[in-house]
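The values are calculated or read from the model by the stated rules, or taken from the named source; none is laboratory data. Keep in mind that what you see is a predicted model, and the values were worked out from it rather than measured. Here Cβ is always computed from backbone atoms with ideal geometry, including for glycine, and neighbour counts include all displayed protein chains. When the accessible area is computed, the model is the full protein with side chains, heavy atoms only, and any ligands, DNA or RNA have been set aside. Shrake-Rupley method; radii C 1.70, N 1.55, O 1.52, S 1.80 Å.
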Amino acid sequence: MPRGDKEQILRYEMPTLSCSEESIGTFFLNLDYKIKLYEQINQNLEAMAKQLYDYWFVQFDFPNEEGKPYKSSGGEMLWNDKLKRNIPVGWHCGNLFEIAVFTNGLACQKFRPKDDEVPLPVIKIREMHDGISVDTEEVTSNIPESVKVYNGDVLFSWSASLEVMLWAYGLGGLNQHIFKVTSANDFPKSFYYFQLLDYVDVFKKMAEARKTTMGHITQDHLQQSTIAIPDNKDIADKFEELISPIFKQIVKLQEEISNLIKQRDELLPLLMNGQITIE
């Protein structure tokens with residue numbers, strides 16, 4: 001391996017940047033900083049909401065009638081054989097179908113847009129990870145409302161990649177292998193979102209224990225799920241009052257992140273080519 005010549009290295013002249021180049025660099029550094037800051041805020045918001053969910057619905061320290069933590073304040077608990085744990089009196093063992101409706105997406109390649117209509121982007125697992133891009137496929141806007149996805153909707157990829165998310169990348173059409181999750185029996189979004197998020201971890205742990213890869217989740221898997229559900233939905237509604245503003249803020253920040261990324265990617269080539277300048 002050739003050795004470097006110290007004197008030759010020290011004689012190398014570093015290129016100097018013009019004021020415009022320095023301005024471009026500062027501009028994009030600020031954009032990237034803002035994107036990372038918003039991403040961090042969203043991570044903190046989600047962690048805060050999840051911690052509150054665990055406190056209320058895993059540890060069962062939701063506020064009792066006096067506003068005190070139920071279990072820690074001596075709230076009555078009963079053993080449940082199906083759940084293999086104690087749950088509060090007035091709760092029962094149910095499944096995910098009791099609190100949520102799971103609507104599968106379409107085989108969108110069969111619903112290509114016509115030339116005279118405005119298409120919708122197809123939401124696949126890749127879009128769940130990265131958002132809408134120039135490579136995203138398109139589907140006709142004339143698809144059932146049940147498979148149209150709006151910002152704030154809950155999505156659950158059930159094949160290969162088991163993930164749950166709040167969608168925040170704009171109106172789109174849902175592809176197969178992803179469920180759009182909506183309310184059943186008037187249970188609020190925050191409740192079924194975190195219950196599902198928790199149960200996805202259960203599926204993953206089951207696969208890990210068997211040393212297999214969980215290929216996909218079927219309707220039977222969801223039917224066989226076991227979760228603790230309050231007989232009185234008021235507890236879930238009170239939780240929704242606290243979490244709903246957090247969810248709205250998460251979606252709003254993700255929309256801003258997407259706009260900043262789009263702005264950065266569109267401006268960079270124009271600035272570098274001198275087609276536009278920063279003042």
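Those residues that are hydrophobic (A, V, I, L, M, F, W, C) and at pLDDT 90 or above, I need them from the stretch 105-139; list them, please. Across the stretch 105-139, the qualifying residues are L106, A107, C108, F111, V118, L120, V122, I123, I125, M128, I132, V139.
Of the strands (runs of 3 or more DSSP E) lying entirely inside the stretch 93-198, those carrying at least 2 residues that are among the hydrophobic types (A, V, I, L, M, F, W, C) and over 15 Å from the mean Cα position of the chain (by Cα) are 100-104, 120-123.
Let's see how each residue does on (1) open to solvent by 30 Å² or more (accessible area, probe 1.4 Å); (2) modelled with pLDDT under 85; (3) among the aromatic types (F, W, Y):
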{"position": "K189", "(1), (2), (3)": "yes, no, no"}
{"position": "L196", "(1), (2), (3)": "no, no, no"}
{"position": "V200", "(1), (2), (3)": "no, no, no"}
{"position": "K205", "(1), (2), (3)": "yes, yes, no"}
{"position": "H216", "(1), (2), (3)": "yes, yes, no"}
{"position": "D220", "(1), (2), (3)": "yes, no, no"}
{"position": "I227", "(1), (2), (3)": "no, no, no"}
{"position": "A236", "(1), (2), (3)": "no, no, no"}
{"position": "E256", "(1), (2), (3)": "yes, no, no"}
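For the stretch 71-85, the count of residues that are surrounded by 12 or more Cβ atoms within 10 Å (Cβ to Cβ), over 20 Å from Y199 (Cα atoms) and of a type in the set (D, E, K, R) is nonzero. Filtered by the rule that a residue be out of contact with any Asp or Glu (no Cβ under 7 Å at 6 or more places or on another chain) and either open to solvent by less than 40 Å² (accessible area, probe 1.4 Å) or at pLDDT below 95 (or both), the stretch 145-158 gives V147, K148, V149, G152, D153, V154, L155, F156, W158.
S161 satisfies every condition listed in (1) at pLDDT below 95; (2) of a type in the set (S, T, Y); (3) closer than 19 Å to K248 by Cβ except (3). Looking across the stretch 29-66 at every residue that is outside any helix (DSSP H, G or I) and not aromatic (F, W, Y), the one that is most open to solvent (accessible area, probe 1.4 Å) is identified as E65.
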